[in-house]
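Take a look at the structure set out below.
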Amino acid sequence: MDSTSETGPAPAGVDTTVAHSARVWNYWLGGKDNYAADREVGDYVFAAYPEIVEAARADRAFLIRAVTHLAREEGIRQFLDIGTGLPTRDNTHQVAQEVAPESRIVYVDNDPLVLSHARALLVGTPEGATDYVDADLRDPQAVLQRAAALLDLSRPVALTVLGTMGHIADTGEAHELVARYMNALPSGSFLALCDGSSTSPEMVEAAERWNATAALPYHLRSPEEFAGFFTGLHLLDPGVVSATRWRPDETADAARDADQYCGVARKP
C-alpha cells in the first residue's frame, strides 16, 4: 500500500508511536489522518490479508446503505453512532442528512485524535444538528445521558456500531453492552451493527497480526456469535449476512463475501 501520507501534529495525549485502530482503518480507507506506526501495522496486516482493504470498504458501504434505508424507508431522524472512527467521507450525518436534512446525529468516541477531527470536520446541515460525545462505549448510562442533550430519547433512534464491538474481548459482555443501549431506547428504534468475522483463515491470520502489534486487540466472532447482538430484535431482511450481501446496490460486490458480518434490526 501507499505509505506516503502524513497527518499533522498530533493532539495532546495522542501517542503516535503505537498503532491505533481508528488511524489504521483511516489508512486502509485511503485517508491521511495516520502516522508511521499506523501504516506499518496496516501494511503488516495487509501482507497477510490484502482483502482487508475491501473489507474496510465493505463496512463503509454497508453504513451508507443501512443509514440511507433507515432515513428514507423507516423515517428515522436520530442517529447515535458509537465508535465513530476518523472522518473520511460518507459519514453517518452526511448520509442521513442527504435524505433528511433535519436529521440529528451524535457521534461517540474516546480517542483524542478522533474527537479533534470530528469537531473540525463533522459539520451537519443548518436544518439538522450533530454533536460529539467523548465517552467510553462501556458506560451506556453516561453515553446516553450526554447524547440526550441533542437527541430525544423518547423517540426512535438508530444505534450504529461499526467495527467497534470486536474490541470487547468477551462475547457475552459485548452482547450485554449492546442490549443495554437498546433497552434504553424506545420501541421503533433500530440497531445497525457490522464487525469483523472469523470466516476465513486469512482474516484470522490478519487479526493475529493485528493483536501482536497494535495497542488495542480486536476479537473476531463467528456469524452465529454475531447474531447474538440482535437477540430480542426484529431483523430486517436479509438477516445477518456478509456486509457485501446486505441489500447490495451497484456499489457492493455481492458476488463475494467479505469477512465483515452485519445486520439491521428493529426494536419491537
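Overview of results
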item	result
Percent antiparallel among DSSP beta bridges (both partners in the chain, rounded to 5)	35 percent
Relative contact order computed over the chain (Cα-Cα under 8 Å; 6+ residues apart), in percent	19 percent
The chain: DSSP helices with Cα axial extent of at least 24 Å and average Kyte-Doolittle hydropathy no lower than -1.0	52-72
Helical mean residue ellipticity (222 nm; -39500 (n - 2.57) per DSSP H run of 4+; nearest 500) of the chain	-11500 deg cm²/dmol
Packing rank of 102-112, 219-229, where each peptide gets the mean count of other beta carbons within 10 Å, highest leading	102-112, 219-229
Cα centre as origin, Lys/Arg/Asp/Glu Cβ charges: the chain dipole, Debye	720 debye
25 Å tail of the calculated P(r), the stretch 52-266, as % of Cα pairs	33 percent
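All of the numbers you see were taken from the coordinates with simple rules; none came from a lab. Note that the structure is a prediction, hence the values are computed from the model and not measured. When we count neighbours, we look across all protein chains shown, and the Cβ atoms used for this are built from the backbone with ideal geometry, even at glycine.
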